[in-house]
1. Looking at this structure, is residue 175 under 29 Å from residue 73 (Cα atoms), of a type outside the set (Val, Ile, Thr) and either open to solvent by less than 80 Å² (accessible area, probe 1.4 Å) or in a helix (DSSP H, G or I) (or both)?
2. Report, by residue number, each residue of the stretch 191-207 that is over 20 Å from residue 146 (Cβ atoms) and either buried (at least 18 other Cβ atoms within 10 Å of the Cβ) or at pLDDT below 95 (or both).
3. Looking at 121, 97, can you tell me which residue is surrounded by fewer than 21 Cβ atoms within 10 Å (Cβ to Cβ) and in contact with a helix residue (DSSP H, G or I) (Cβ under 6 Å, 6 or more places away or on another chain)?
4. Mind checking whether some residue in the stretch 225-234 is assigned to a helix (DSSP H, G or I) and in contact with a strand residue (DSSP E or B) (Cβ under 8 Å, 6 or more places away or on another chain)?
5. Which residue out of 127, 76, 90 is under 15 Å from the mean Cα position of the chain (by Cα) and either of a type in the set (Asp, Glu) or surrounded by fewer than 23 Cβ atoms within 10 Å (Cβ to Cβ) (or both)?
6. So residue 134 ticks every box in (1) buried (at least 22 other Cβ atoms within 10 Å of the Cβ); (2) closer than 26 Å to residue 35 by Cα; (3) of a type in the set (A, V, I, L, M); (4) in contact (Cβ under 8 Å) with a residue 60 or more places away in the chain but one. Which box is left unticked?
7. Tally up the residues in the stretch 25-73 that are exposed (fewer than 15 other Cβ atoms within 10 Å of the Cβ) and touching a strand residue (DSSP E or B) at 6+ places or on another chain (Cβ under 9 Å), please.
8. Counting just the residues of the stretch 236-266 that are among the aliphatic types (A, V, I, L, M) and part of a helix (DSSP H, G or I), which one comes out nearest to residue 326 (Cα to Cα)?
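The values are calculated or read from the model by the stated rules, or taken from the named source; none is laboratory data. All figures in this text were calculated on a predicted structure; none of them were measured in a lab. Every residue, glycine among them, receives a Cβ derived from its backbone with ideal geometry; neighbour counts consider all protein chains shown. In case anyone asks, the SASA skips ligands and DNA or RNA and just uses the protein heavy atoms, side chains included. Shrake-Rupley method; radii C 1.70, N 1.55, O 1.52, S 1.80 Å.
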Amino acid sequence: MRSLFTFAIASLTPAVCLVVACLSGGAWPILAVFSITVMVFALDKLTGDDWAAPSDFNGHALSMLIGLAHFGVLGVCVWALGGGDHLSGVDKILIFTAAGLWMGQVSNSNAHELIHRAAHTPRRIGVAIYASLLFGHHASAHPKVHHVHAATDKDPNSARLGEGFYRYGLRAWHGGFVAGLRAENMTRARATTQRSALTHPYAGYTLGAFATLLAAFALAQTGGVLALIAIAAYAQIQLFLSDYVQHYGLRRAILADGRAEPIGARHSWNAPHWFSSAMMLNAPRHSDHHMHPTRGFSELELRADTMPMLPHSVPVMACVALVPPLWKRVMNPRVAEWMSPDKPIGARDISPAVLAAARQGGLGGRDVPIWAHDKATDDTDLVRDTVDSDKRANLS
């Protein structure tokens, strides 16, 4: 069983290295990158897999600490990259790399944790983190779209079998923005009182992004603004890589009434790797999170017999996803195995030809199965599903 100390060391060590690197330069930019790449990979290999039961501590204090630290780390990085005359060009490249990885893998995982909290203050901090990364709409799209429609064609963030990451990323960003806006508009339409446009969540995301850009300009003028945009873009790529890896190809069955079967253990990819999982606050324990979205990160479970497992850690598989032919060769046979009629899973309407192609790793990016096309979502379904999600996960 991992302790709170393990999660704190894994998630905060790169942040400390980043701040010192921005202030001092020297060997610290190298150490910052090392602490979130080579060190994580090595400790995963040296310590083995972690199938431990849920921990007996409450991670709320750590999550809040990381959430508040995010703004300081982001500000120092923007200042260093936008100005930072004491840093060389190589130093800045290394700091940018480490900053994007930490914002995308650690701070994003933590913001995700915070927006699932029932209390207002943690949720607002999570929303502010996403807004500071110019990605505020994710605070709406994730709970109101992804958690409702994950592992179906109605979810922009659930990658289709045979879909390469680059095609997926463009589709998911636009699709998430539009679907999140639509879900929020539906929520507001159900309200019994008239609300000002300024209270719309998307107005808040826009104002938050604008305020962050102004702060970046105050820290380092135009260079600071460019640095913020670059860090935010890199962090968003990390987020999309995580979603792509953790949902690729898996699908829920469509029931007789046209609705998807309940989300289950078999509908997300997971990873048991010890240190990277601690660094990402158990985000790789993804199946249990979808089944129990209000559980804290320390409570999430992992079961090898019912949950699909990735062959490597989430950060390693994100690197593999950047090479679509390699990704398909590694993952398509695994998707086919979990979608096989021999498995107790729902997607039994897949043609034998698709399964055969997947087993051979030969399903091309444009050879999308018949169940993987976009389907229209009527307003009644969206309202009904959003209401159900809000009641189930206390996310409204």
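1. Numbers: under 29 Å from residue 73 (Cα atoms): no; of a type outside the set (Val, Ile, Thr): yes; either open to solvent by less than 80 Å² (accessible area, probe 1.4 Å) or in a helix (DSSP H, G or I) (or both): yes.
So residue 175 does not fit the description; no.
2. 191, 192, 193, 194, 195, 196, 197, 198, 199
3. On the way: 121 fails: in contact with a helix residue (DSSP H, G or I) (Cβ under 6 Å, 6 or more places away or on another chain).
Result: 97 is the single residue among 121, 97 that is surrounded by fewer than 21 Cβ atoms within 10 Å (Cβ to Cβ) and in contact with a helix residue (DSSP H, G or I) (Cβ under 6 Å, 6 or more places away or on another chain).
4. Taking the stretch 225-234 first, the residues assigned to a helix (DSSP H, G or I) are 225-234.
After this cut, where a residue has to be in contact with a strand residue (DSSP E or B) (Cβ under 8 Å, 6 or more places away or on another chain) as well, the list is none.
No: zero hits.
5. Details: 76 fails: under 15 Å from the mean Cα position of the chain (by Cα); 90 fails: under 15 Å from the mean Cα position of the chain (by Cα).
Checking each option against the conditions leaves just 127.
6. In the conditions (1) buried (at least 22 other Cβ atoms within 10 Å of the Cβ); (2) closer than 26 Å to residue 35 by Cα; (3) of a type in the set (A, V, I, L, M); (4) in contact (Cβ under 8 Å) with a residue 60 or more places away in the chain, residue 134 misses (1) alone.
7. Result for the stretch 25-73: 3.
8. Narrowing the stretch 236-266 to residues among the aliphatic types (A, V, I, L, M): 237, 239, 241, 245, 250, 253-256, 260, 263, 265.
Retained after the next criterion (residues that are part of a helix (DSSP H, G or I)): 237, 239, 241, 245, 265.
Working: 237: 19, 239: 20, 241: 15, 245: 13, 265: 26 Å.
Of everything passing the filter in the stretch 236-266, 245 is nearest to residue 326 (Cα to Cα).
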